[in-house]
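Bear in mind that the values in this text are calculations on the coordinates, not laboratory data. If you're wondering where the values come from, they're calculated on a predicted model, not measured in any experiment. Reconstructed Cβ throughout: ideal geometry from the backbone, glycine too, with neighbour counts over all protein chains shown.
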Amino acid sequence: MTKWSLLAELMSLSMLLLMFLYYHERKTAFSFRRRVFYWIFGLSISSILVNIVCVYTIVHYDRVPVALNQLLNTLYFILVLLVSSTIALYIFDLILEHVYRKDCYKKAVIGIAVLTAAYLIIALTNVWTGALFYFTEDGHYARGPLNRLGYVILGLELVMVLLCYFRNRAAIPQKVVRVIHTLPPVVAALACFQFFYPEILFNGTITTVVAFILYSNFQTCQVEEDYLTHLGNRKAFISDITLKIRSEQPFQIVSVSVRHFSEINQKFDHAFGDDLLFNIGKWLEGLPGHYRTYRYSGVSFAVIFPYQDAAEAEVRVQEIHQRFSQPWYCKNIPCKLTACTCDVVWNGQLWTSNTVMEYLEIMVEMSKAGGNPLIRFNNAIAVSIEREKYLEAVLRSSLKEDRFTIVLQPLFHCRKRMFCCGEALIRLNDYDGTPIPAGEFIPIAEKVGLIDEISWVVLDRVCRFLANHRDLPLESVSINLSMQQFQDPSLLPRIETCLQRYSVPRGKLKIEITERVIFQDLAYVRDIMEQLSRHGIGFYLDDFGTGYSNFSVVMRLPFECIKLDRSLLSQLIENQNSKEIVRDIISLFHNSGFRVACEGIETAAQSDIVTALGTDLIQGFYHARPMEPEAFAEFISGYRPQP
Ligand code: C2E
Ligand code: MG
Ligand code: MG
């Protein structure tokens, strides 16, 4: 009679129980895979327990009825096979997660079902056939001719897994590939061991090792799950996009970024905000035909759909977009949300997941900037994004190579009939010599955080110019500053240092800021302006009429001069109304003690009108275009006041 060692089975049982306890503690969404994993635990634990009991009943056959021994051993044989079939099902689900075509999955399920059913028939009829095992007349346990059939079926399932793996290699995540590379050799080695040492019971150990590998790789890992919504997180989103592209499966991404969500958090509380985000995620997850849903950043969700045709894709975008025109309910409180919906389709383009993420982020920005709540990716967007990326590279290298230059545009003093000041404007040529308009590269420099460095170059050049031309009859030269420079704590010392380095009187430098800068953080900007004004540095308000045109706020800030934007003055000749408005604006500012400059004056007629309306200064191509610093110096010194 064989003496079986139960030590390995007992150790495996305790390992499985421990894993199960840890696993059960985690509260996550009850996905199909999680359900299957519960089955793996349940079946494995039961099979080991039944095995232990069987060893007892076989050894003590004289005290146990044969029928009970038959029943327990049959149960054990069935359980062992169910464990291996459930594990195979779990692995198929992992492998085929990112594959749209489910025919492979169906074949795998049918294959497992057929093998399991055949085995079950053999196991259930074993009592008559004795194919797997039987009991001799004196009650001893004996192996039947098909005793090792379980191993054969395990081997067949392994072969099916490997076939499926090789057929869908491109769509399988790296983590699954790693597991597929380790699992079969480990299982084969353990099975061989069992084959050669049948007296050491080892089946439970094989299952435990497999369960442990799957558990540690896929079931404990929250790395790819969003903690709040249980949807995929940014990491999962990026890796799924990579897989879809690699496996050449066209897809559509519809992303939704909720705007002004901080207002919800403030109005209610953060827990309410979290619940609302959870509800949005749940709704998106419930959309039919989707592949997976993600929360890829705080208030940004995305759904990946398999892409079939444009009409279907459009229906999906519209459904999501329309949903955000309806209120969302959270704790029975209706909340109206604004969101921008972006639609991107990948159908074979030469993109990477990074490209897709970049496009999505830029589309959200475009939607915010343009106030358009629905943006579909198209060629024009791709071209502008590529141009932006190119310009960013040019800006970076130009900073390193000191390729920026400045031009100075004279401002005409209407009463004195001469040029009294100038504005410094940055210039940059592309490497082929084509000028890049400031209006194009400045916003990019602001976005990528380079405007600061660029503007310091301008400050330095202006101070150098003023130092080299001390005798020019020039009141001042102004430079343009952006918000980022206002936020730079070294703003004042930097300006001071630069003025001192070139010994330029403080009053000679003026700073132009726009209303956009003011309204980003009014209190902060006022504070900085007051500090700089106390140091003798004056401010001009640039582009008045393009932004908020909030007189009451502007009037409370220490500006010396208000520059009316070109757009405000473009209708002066044709439109009497526009003339009256500009007259009122000028007199309002005059009454409050500000000087007024008119920008973008291109013709004599425009110049005459704004002069008649009372402007103090005129800046525009009619009087003088921006020019190189030396040309500007010559222009100013050589200019004779007109009668
Ligand atoms: P801005 O400060 O309002 O500068 C005036 C812009 O109007 C300049 O364009 C100038 O060339 C243009 N301009 C002047 N007279 C006329 C005219 O009669 N007709 C027309 N059509 N345009 C005229 P530029 O140099 O392309 O600059 C565009 C904007 O870029 C500037 O507007 C300013 O906001 C920004 N910018 C320029 N240089 C700098 C800089 O060094 N730093 C920062 N932060 N921004 C700058
Ligand atoms: Mg300006
Ligand atoms: Mg301007």
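Counting only aspartates and glutamates at least 8 places from Lys400 when in the same chain, those with an alpha carbon closer than 13 Å to its own are Glu392, Glu453. Helix 491-501 and the longest principal axis of the C-alpha atoms of the chain enclose an angle of approximately 50°. Here the Karplus relation 6.51 cos²θ - 1.76 cosθ + 1.60, evaluated at θ = phi - 60°, turns the backbone of the stretch 474-485 into coupling constants of 10, 5, 6, 10, 9, 10, 9, 10, 9, 4, 4, 6 Hz, with x for every Gly and Pro. Ranking His260, Ala310, Tyr294 by Cα position along the charge dipole of the stretch 260-320, where only Lys, Arg, Asp and Glu carry charges on their C-beta atoms, puts Tyr294 farthest toward the positive end. With a/c under 1.5 counting as rounded, go ahead and sort the stretch 16-133 into rounded, prolate or oblate using the C-alpha gyration tensor (a ≥ b ≥ c being the square roots of the eigenvalues; past the cut-off, prolate if a/b is larger than b/c, else oblate). Oblate is the answer for the stretch 16-133, as a/c is 1.5 or above yet b/c matches or exceeds a/b.
Straight-distance candidates among the aspartates and glutamates for linking to Lys508, with alpha-carbon spacing under 17 Å and chain neighbours fewer than 8 residues away dropped: Glu423, Asp460, Asp471, Glu475, Glu496, Glu560. Residue separation of Tyr100 and Leu557 scaled by 0.36 nm, minus their Cα-Cα distance, works out to 158.4 nm of gained length.
In plain terms, the chain from Glu630 to Cys192 could stretch by 148.8 nm, reckoned as 0.36 nm per residue minus the Cα-Cα distance.
Note on the chain: helix-only mean residue ellipticity at 222 nm, from DSSP H runs of 4+ residues weighted -39500 (n - 2.57) and normalised by residue number, equals -18000 deg cm²/dmol. Put simply, the amide H of Ser5, placed in the peptide plane, has neighbours under 5 Å in Ile200, Leu201, leaving out anything fewer than 5 places away on its chain.
Loop-located GluC sites (Glu not before Pro) across the stretch 381-435 with a Cβ neighbour count of 10 or fewer within 10 Å are Glu401, with loop assigned by DSSP.
Compute the FRET efficiency between Glu496 and Tyr329 as 1/(1 + (r/R0)^6), taking r as their Cβ-Cβ distance and R0 = 45 Å, and round to the nearest 0.05.
Working: r = 57 Å, r/R0 = 1.26.
With a Förster radius of 45 Å, E is 0.20.
The angle between the Cα long axis of helix 270-285 and the main principal axis of the chain comes to about 70°, on a 0 to 90 degree scale.
When only DSSP loop residues count, what GluC sites (Glu not before Pro) in the stretch 538-587 have their Cβ near at most 14 other Cβ atoms within 10 Å? Write out the running numbers ahead of the final one.
On the way: sites: Glu560, Glu574, Glu580; in loops: Glu560, Glu574.
Counting only loop positions with at most 14 other Cβ atoms within 10 Å, the GluC sites (Glu not before Pro) in the stretch 538-587 are Glu574.
Taking every DSSP beta bridge that has both residues in the chain, what percent is antiparallel when rounded to the nearest 5? DSSP beta bridges in the chain are roughly 60 percent antiparallel. Which of the listed residues, Ser216, Trp39, Leu425, is farthest toward the dipole's positive end in the chain, when Lys, Arg count +1 and Asp, Glu count -1 at the beta-carbon? Value: Trp39.
Rounded to the nearest 20 debye, what is the charge dipole size of the chain about its Cα centre when +1 sits on each Lys and Arg Cβ and -1 on each Asp and Glu Cβ? Don't skip to the end; give the middle numbers.
Numbers: 61 positive and 64 negative charges, 203 e Å.
Its charge dipole is roughly 980 debye.
Can you give me the angle between helix 629-638 and the longest principal axis of the chain, using Cα atoms only, in degrees from 0 to 90, rounded to the nearest 10? The angle comes out at about 20 degrees. The simple Förster model, with R0 at 41 Å and r as the Cβ-Cβ distance, assigns Arg403 and Ser578 a FRET efficiency of 0.50.
Subtracting the Cα-Cα distance of Val127 and Ser503 from their residue separation scaled by 0.36 nm leaves 124.7 nm. The trypsin sites (Lys or Arg not before Pro) of the stretch 278-338 meeting both criteria, a DSSP state outside H, G, I, E and B (loop) and at most 11 other C-beta atoms within 10 angstrom of the site's C-beta, are Lys331, Lys336. Distance from the Cα centroid of the stretch 422-451 to that of the stretch 493-543 is 21 Å (rounded to whole angstrom).
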